[in-house]
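Everything below concerns the one structure shown next.
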Amino acid sequence: MSTDNEIIERSLHSAGAFAEVFDRHARTVHRYAARRLDAGAADDVMSETFLVAFERRAAFDGSADALPWLLGIATNLIKKHARLEARAWKGLVASDLGRVDIDAIEQAAARLDASATARRIGGALRRLPAGDRDALLLYAWGDLDYEGVASALGVPVGTVRSRLNRARRTLRIAIDPGAARDEEVDHGRIVSASPDSL
């Protein structure tokens, strides 16, 4: 089985070969875009991603796996759709509120709590710096590892670790503001602040 870089190299002389890259990665790119945008915009982003990748295939870095490169292109295209992303989060919250079943009184409180949590998470995601949000969503929704996220965003792996750590801390506080503790993650160890220092 050919690696992505071999297929892309072949496509420089035979453009139709690039279809193999599309066949391998279109579903993942679409799934990533659909999680960040609505389905219609995800279709557009997926199409645009492969169009841009095809046009820039001569500049591909030669990695065996083209997915981080493709998701990096998709992330940049998604930035153009930022308003749609915010609208999608608002729609998610509204649709959850609309699903409250009047006959299920016991579930009403849980759904309202979930709705409030979804609003807090959506707000926290919108407030994250763009680099932190992109790193988090590439990791969580793009199914990339740290190295893949670093490749997609064109930053060092250490930067990805820092961005993910900040994003996780922000989301943890958004999910449970009452339980927010002053924590610092240092090389895999969690060092909690002592009760005396609080």
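The values are calculated or read from the model by the stated rules, or taken from the named source; none is laboratory data. Computed from a predicted structure; not experimentally measured. Note that we place each Cβ from the backbone using ideal geometry, even for glycine, and neighbour counts take in every protein chain shown. What goes into the accessible areas is simple: the full protein's heavy atoms, side chains included, and nothing from ligands, DNA or RNA. Shrake-Rupley method; radii C 1.70, N 1.55, O 1.52, S 1.80 Å.
Quick notes
- Qualifying residue in segment 112-125 (condition: modelled with pLDDT of 90 or more and assigned to a helix (DSSP H, G or I)): no
- Residue ID - least open to solvent (accessible area, probe 1.4 Å), chosen from residues in segment 57-84 that are farther than 14 Å from L153 by Cβ and free of Cβ contacts under 8 Å to residues at least 12 places away in the same chain: A82
- The set of residues in segment 1-52 being open to solvent by less than 70 Å² (accessible area, probe 1.4 Å), free of Cβ contacts under 8 Å to residues at least 40 places away in the same chain, out of contact with any helix residue (DSSP H, G or I) (no Cβ under 6 Å at 6 or more places or on another chain) and farther than 19 Å from W141 by Cα consists of S2, S14, A15, G16, A19.
- You will find that of I190, I102, the residue that is assigned to a strand (DSSP E or B) and modelled with pLDDT under 75 is I190 and no other.
- Test: T170 is of a type in the set (S, T, N, Q), open to solvent by 20 Å² or more (accessible area, probe 1.4 Å), under 24 Å from A53 (Cβ atoms) and modelled with pLDDT of 85 or more: no
- Among (1) open to solvent by 60 Å² or more (accessible area, probe 1.4 Å); (2) modelled with pLDDT of 85 or more - the single one L144 does not satisfy: (1)
- Scanning segment 129-179 for residues that are in contact (Cβ under 8 Å) with a residue 40 or more places away in the chain and β-branched (V, I, T) returns V149, T170, I173, I175.
- Here E183 meets the list (1) at pLDDT 90 or above; (2) open to solvent by less than 50 Å² (accessible area, probe 1.4 Å); (3) charged (D, E, K, R) almost entirely, failing just condition (1).
- Within segment 1-59, the residues that satisfy the criterion of being assigned to a loop (DSSP other than H, G, I, E, B) and within 16 Å of the chain's Cα centre (by Cα) are L37, D38.
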